[in-house]
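A short reminder: the numbers here are calculations on the coordinates, not readings from a lab. Remember, predicted model here, so these are calculated numbers, not experimental data. Here Cβ is always computed from backbone atoms with ideal geometry, including for glycine, and neighbour counts include all displayed protein chains.
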Amino acid sequence: MERLRRLRVDLYGCFARRPDALFELCDAMLCAPGPVVSPVELSLEPEFRRRHAMVYNALVWGVVDAARLRRTLVGMLPRPRAGEPAMFAVDVSPVPRPDPRYVDGLSMVQVRGAGGDRFLPGWPLSVLVGLEWGACSWVDPLDVRRIRPGEDHTRVLIEQVEGLVGDLQVAGRAASGGAVPLVMFDAGYPASRIAHEVCGSGVQVLGRVRSDRVFYFPAPVPGPGPGRRACHGARFACSEAQTHPVPDVRIAAESERYGRVRVAAWHGLHQALTRTGAWADHPPGDLPIVSGTLICVVVDRLPHDGKPKPVWLWHCAPPGTAIDVDLLWKAYLRRFDQETGKPECCHIRVVSTSSAVPSSSVLMLAA
């Protein structure tokens, strides 16, 4: 109870303007018995003790200190067990807005449904959450940023991770028993670029890679004589088993849902980068060699009787970080908990109608 009281006091301090109305608005959103389809409905909740006009007044004129709110939420994260890293995940979630005709910053977002995928006007949101071990699939929302039209979603992720590192340091959570915080993401992000940008700041990254990716081992030691030193060694194609040498790590486990689970890992693999896409603006000179560990997870069966395919993961960490492959592949399974916490509820659509109040700030309270 004391922990909850302290959290509410800290949250109230994050409201720089219209604090009482915003705080009661958040209580009303949390206590509403069902979906909220319009802001004015919140004025009917007993937790909101003001006139209905104050709902819009708070959304239009209220100000939330998003950085302070994020630090508050980071400080409330449960501490991981000794020797285990704090786990975080980032993903892009679409919030469709097909009805409004005059809304700033709309993009086309992909919405999945029973009738097939559709592209609708809406807002793509970059969502950063905290993960933890356990039987439940709850996540701890920490930061949500709207990706503006033309904005690079990878750059948004990097900025979120850099902000997370600072918040962890302020909250005294930068390391737990020497474990470096772990950030995970799906195959839609360039893992090498993210690792190059953030691993030096004190985090390790674990990303899913597509099965058609090609990696390379370190270049061999150059022999005597003139000529430029090779940048890459032996080729490793994820989809070509004949290019796979003996793994550095092998793990076997049994699962009730997936049958036998086989994990293989190879250390010291990197991609051959080119000056296109994410690396087009890199300074002149040789492109960096971003080396990491490639992990392959194979199962015997899937719960829905589909054909199982290998899952490829690539991990990179600051120098000196102990690499526990068994922990890494299990940690990535927790990343799928974020799928159940995507911001696609009516509460979030309501608070996102105002650009004066940062949608990420009110979203955290609604979650």
Problem set entry | Charge context of Ser239, other residues only, Cβ under 13 angstrom, K/R +1, D/E -1 | +2
Exercise. Roughly what would the spin-label model give for Tyr258 and Val170, points 7 Å off Cα along C-beta, in nm?
Worked result: 3.7
Seminar exercise, completed: Any residue on another chain or 5+ positions along whose placed amide H is under 5 Å from the amide H of Phe236 is listed here as Phe215, Tyr216, Phe217
Problem set entry | Positive minus negative residues near Val180 (Lys, Arg vs Asp, Glu; Cβ under 14 Å) | -1
For this session: Pop out the Kirkwood hydrodynamic radius of the stretch 182-328 from its pairwise C-alpha distances, inverse of mean 1/r, in Å to one decimal.
Result: 16.8
Problem set entry | Modelled FRET efficiency - R0 51 Å, Arg3 with Gln242, Cβ distances, 0.05 increments | 0.35
For this session: Only helical DSSP H runs with n ≥ 4 go in: add -39500 (n - 2.57) per run for the chain, normalise by residue count and round the 222 nm mean residue ellipticity to 500 deg cm²/dmol.
Result: -7500 deg cm²/dmol
Exercise. Ordered by residue, what ³J(HN,Hα) values in Hz, to whole numbers, does the stretch 274-280 give under the Karplus form 6.51 cos²θ - 1.76 cosθ + 1.60, where θ = phi - 60° and Gly and Pro are x?
Worked result: 10, 7, 9, x, 5, 9, 5
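Sorting check: for 116-127, 235-246, which peptide has the highest mean count of neighbouring beta carbons within 10 Å, and how do the rest follow? Can you show the working numbers first?
Numbers: 116-127: 17.2, 235-246: 12.0.
Answer by packing, highest mean first, reads 116-127, 235-246.
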Problem set entry | the stretch 182-328, relative contact order in percent, only Cα pairs under 8 angstrom and at least six apart counted | 25
For this session: At 0.36 nm per residue, minus the direct Cα-Cα distance, what do Arg79 and Trp61 gain on full extension? Give it in nm, one decimal, please.
Result: 2.9 nm
Problem set entry | Share of pairwise Cα separations in the chain, more than 26 Å, in percent | 57
Exercise. Simple spin-label model, 7 Å along Cα-to-Cβ: His232 to Ala53 in nm?
Worked result: 6.6
Seminar exercise, completed: Listed by chain and number, the residues whose amide H is under 5 Å from that of Val249, excluding neighbours fewer than 5 places away on the same chain and using placed H, are Ala265
Exercise. How big is the gap, in Å, between the Cα center of the stretch 213-249 and the Cα center of the stretch 8-22?
Worked result: 56
For this session: Using label points projected 7 Å from each Cα along Cα→Cβ, tell me how many nm separate Ser211 and Arg155, to one decimal.
Result: 3.4
